[in-house]
C-alpha cells in the first residue's frame, strides 16, 4: 500500500491564495487592500519599543517602558463586573516550567485586557481559570484565544492577550466569564459558580490607539523598583492587604524569588499571603506548602481567594499554634502567571523561608 | 469558493472538506491517478468486526498503525418527521445493507480502497420499546468536564469513511447519497438516501505534511506547523503502546458481541498561542511531560519515540504540577490505563471544517464509560488540586488550546447487524 497515495488530491508546496485572506477580502470587497495599512501602523508603534535589557536582576525591576490603556467599557454579568481595555500589542513572558518571551507578531494590532471583579465588594477575582476572548466583525469571528492570566506592574492581575484586528472598524468582543473553581472565602464564599459571557462592541481606530500614552524609563530601567500602579477610577486593582490588616497576629515570613510572604493563623487556619514588592499585588499561581512546628502541620496549601485577602493560600490546622512557634513557607516550583516586563525574572525560584509566630 | 477563482489545484487540496460532485470531479480529472483496488466478490471474507481495520492498514518501522489519510463522517437521521412508534422495516434494512455491500464489493478493505463503519446513537435505539442489553454501555452524550459546554450530537446514525484516496471517499459519499449509480465500476444496488437523510458532514485528514499543507485556516498560524507533522499540534500520536487493541475495545457478549462503542467529539483548536507564545520546550512539556522537555527526549514530531510516547517514564503528574508548575497531556493519559494497558483506541484526525483548525476526536472503546474514565484523567483536576500553579486549563496539558464543540456516542454493531439494528 503506497504511503503517498493521498497526494492525489494534494499539491505539496502549492499556495495560490490563503483561504483566510480570501474570505476577508471577499467580506470587504474592494477595500481589501486597506488591511495592509493597519499592519504598517502596528509595526510602526511596536518599532519604538526598547529592546529587552541585557542585564536584568533576578527579581522585580523597573521596565524599559510602560504603556497606557484605553477602556472599551465595563459590563456586569451575574455577580461579576468585567472591564475590557486595549493598548498597543505587548511583548510578555509565558511561564510553563520555564519562561518564554512571547514576541509581538506582525499582524497583532492590540493587547486586549480583561479585569474581573466582584460587583458587590468591588474587589478583583484573581484566578488562573482562563477566559476565552472571541473577537468578531460583521458576525465573523476573526480571532479567538484563551487569554493568559497575567501580572503587570501598572495593572496588577488581569487576563490579557495580543489580538489581530482588521484595521479601523466596529468590533465585537465576547469575554467568557468562567465559573470559579478554587476555594472562595469570606464574602466570596460559594459565589461565582456560573459561567457568563460579557459582550462589548467598540469602534477601533489605529489613530486612537496611537494616542495611548507610552512612557519610557531610559535612566531607571533595570533598577530594583517598579512602575507605579495606575489610578483608574472605574477599576479596582488586585492589591494584597497590608500586613497589619490580616486577621490574627500576622508576621512577615520572608521573601522567595522576590515575592514577599506574610502569614497568620486565624480561626485554626494558616493563611499565607504572597505579594509583589513595591506595589503589593497579591500573587496567585504559586505551588506552596508549609510547616507549623508545634501542631505538626506539614502539607501543601490550597489556593484561595477572598475579598479582603485577595489571592492567598491556606490550610486548616489541627490545633491553635503557640506563640513562638516556627512557621515555614516553601515555594515548591515556579509561579505560572504570564508576566509583563519587569516581573518575568521574579517569582520563579523555589525555596523556604521561616519565622516565629 | 471555486467560483471565486481559486485554482483547480488549490481546490483539489480541500476536495474532501468541500465535498459534492464538483469536488469529486476535481479529483477524478487526473490522468495519472492509479486505479483504486476493488473489493472481494465473496464478502464473507471481510472481518465480522466493523472496527477491525488494523490488519488492513500499513504500519511504520516501529509497528505503529498508520490510519488512512482522509476521513469523512456522515451524520444521518432515520425518518425524522415520524412520531413515536416508527421503527425501521426489514425492507429498509435490506436497502441499507445493500448500499454497504455495494461499497464493499467496489473497494478493497484497506487504506488504498475504503474502510468504513456505521454507528447508531442512543437516540436511534430509543424509538424501540425494548432497551439495549446490559452488555452495551451507550449513554446520551453529555459534557465531560465542568469547564466545557458541548452541544450533544443527537443524530441517529453516523457513517465513518476513511481512505488514502480522496476520490474513493468522495465517490462513496456521492453513492450513499444516491447521486451515483456506480462506484469504482461497481453498480450500487441501493443508496442510504432511500432510508436515511444526511444532516451533516464532517471531514478531516491525518498524515505527514497534510496539516502544514492546510494551515490557511483560522486557529493556526501560517507556516508554523512542522512540514512533517501528521496533526495540527505538530506531534505524532497513536503510538502502538498507547493504543488499546481492537480486541480490548470489542464487546464480548450479548447480541452485539463483536461490536464496539465510538465517541466522536468536534474540537476547535486555538494554536496561535501554541506556536507563537509557547517555546518548543514548553510545547513538549505540555504535550508529553516536563522531563521529556528537560532531557530533550523528543526530536521533531516525535518519530524517535518509536512505538510509545514514553510518558510512563515521566514522574507522576501531580508531582510535576508542584515542582514544575506544568503537566503533560500524555503524562495524564497514563493514569487512564487498566492493568497497565490502554483502554481506548484513537482514530482521530485534524480538520478544516468551518474554515477553522479543528480536530475530530474519534475513539473506540469497549464501553462509553471507558472513554469517560479517560476523559476524566485528561481533565487533570487532580493536577489542578495539587498545585496552585496548574489551572483548570492553564499549564494543564493542552486544554488551553481546545474548545469542545460537540460530543456524540454510538454503538458500532458487528457487521451482520450493522443495518438499522433492533436493540436486542
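The values are calculated or read from the model by the stated rules, or taken from the named source; none is laboratory data. Given the structure is predicted, the values throughout are model-derived calculations rather than measurements. Because the Cβ atoms are built from the backbone with ideal geometry, glycine has one as well, and the counts that use them run over all protein chains shown.
Numbers below:
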{"quantity": "Positions within the range A:296-324 being in a loop (DSSP other than H, G, I, E, B), over 18 Å from residue A:188 (Cβ atoms) and touching a strand residue (DSSP E or B) at 6+ places or on another chain (Cβ under 6 Å), in sequence order", "calculated": "A:317, A:321, A:324"}
{"quantity": "Condition met for residue B:361 (surrounded by 21 or more Cβ atoms within 10 Å (Cβ to Cβ) and under 21 Å from the mean Cα position of the chain (by Cα))", "calculated": "no"}
{"quantity": "Residues within the range B:255-283 that are without any contact (Cβ under 8 Å) to a residue 40 or more places away in the chain and either within 24 Å of residue B:140 (Cβ to Cβ) or part of a helix (DSSP H, G or I) (or both), tallied", "calculated": "2"}
{"quantity": "Cβ pairs under 9 Å, 6+ apart, first in the range A:178-207 and away from chain B (no Cβ under 14 Å) and modelled with pLDDT under 95, second surrounded by 15 or more Cβ atoms within 10 Å (Cβ to Cβ) and part of a helix (DSSP H, G or I)", "calculated": "A:206/A:38; A:206/A:41; A:206/A:42; A:206/A:45; A:207/A:41"}
{"quantity": "Among (1) farther than 21 Å from residue A:128 by Cβ; (2) buried (at least 16 other Cβ atoms within 10 Å of the Cβ), the one test that residue A:231 misses", "calculated": "(2)"}
{"quantity": "Selection within the range A:135-161 - touching a residue at least 24 places away in the same chain (Cβ under 8 Å) and facing chain B (nearest Cβ under 10 Å)", "calculated": "A:140, A:142, A:147, A:148, A:149, A:161"}
{"quantity": "Looking only at the range B:231-249, and only at residues there that are in contact with a strand residue (DSSP E or B) (Cβ under 8 Å, 6 or more places away or on another chain) and surrounded by 21 or more Cβ atoms within 10 Å (Cβ to Cβ), the one that is nearest to residue B:398 (Cα to Cα)", "calculated": "B:233"}
{"quantity": "Among residues of the range B:101-132, those that are over 15 Å from residue B:76 (Cα atoms) and in a helix (DSSP H, G or I), counted", "calculated": "6"}
{"quantity": "The range B:148-185 - residue that is surrounded by fewer than 17 Cβ atoms within 10 Å (Cβ to Cβ) and in a strand (DSSP E or B) and, of those, farthest from the other protein chains (Cβ to nearest Cβ)", "calculated": "B:182"}
{"quantity": "In the range B:279-292, the residues that are surrounded by fewer than 21 Cβ atoms within 10 Å (Cβ to Cβ) and either at the interface with another protein chain (Cβ under 7 Å from one of its Cβ atoms) or over 23 Å from residue A:150 (Cβ atoms) (or both)", "calculated": "B:279, B:281, B:291"}
{"quantity": "Matching entry among B:220, B:249 (being within 14 Å of chain A (Cβ to nearest Cβ) and either in contact (Cβ under 8 Å) with a residue 40 or more places away in the chain or part of a strand (DSSP E or B) (or both))", "calculated": "B:220"}
{"quantity": "Pick from the range B:321-340, criterion away from chain A (no Cβ under 12 Å) and part of a loop (DSSP other than H, G, I, E, B), ranking: surrounded by the fewest Cβ atoms within 10 Å (Cβ to Cβ)", "calculated": "B:339"}
{"quantity": "Flag for residue A:104 being part of a strand (DSSP E or B), in contact (Cβ under 8 Å) with a residue 24 or more places away in the chain, closer than 23 Å to residue A:206 by Cα and touching a helix residue (DSSP H, G or I) at 6+ places or on another chain (Cβ under 9 Å)", "calculated": "no"}
{"quantity": "Where residue B:135 falls short, out of the listed (1) touching a strand residue (DSSP E or B) at 6+ places or on another chain (Cβ under 8 Å); (2) more than 28 Å from residue B:239 (Cα to Cα); (3) part of a loop (DSSP other than H, G, I, E, B)", "calculated": "(1)"}
{"quantity": "Residue pairs meeting the criteria (Cβ under 8 Å; at least 6 apart or on separate chains; first on the phi > 0 side of the Ramachandran plot, in the range B:353-370; second surrounded by fewer than 19 Cβ atoms within 10 Å (Cβ to Cβ) and at pLDDT below 95)", "calculated": "B:355/A:20; B:355/A:23"}
{"quantity": "Output for the range B:21-36, where each listed residue is modelled with pLDDT of 90 or more and over 12 Å from residue B:186 (Cβ atoms)", "calculated": "B:35"}
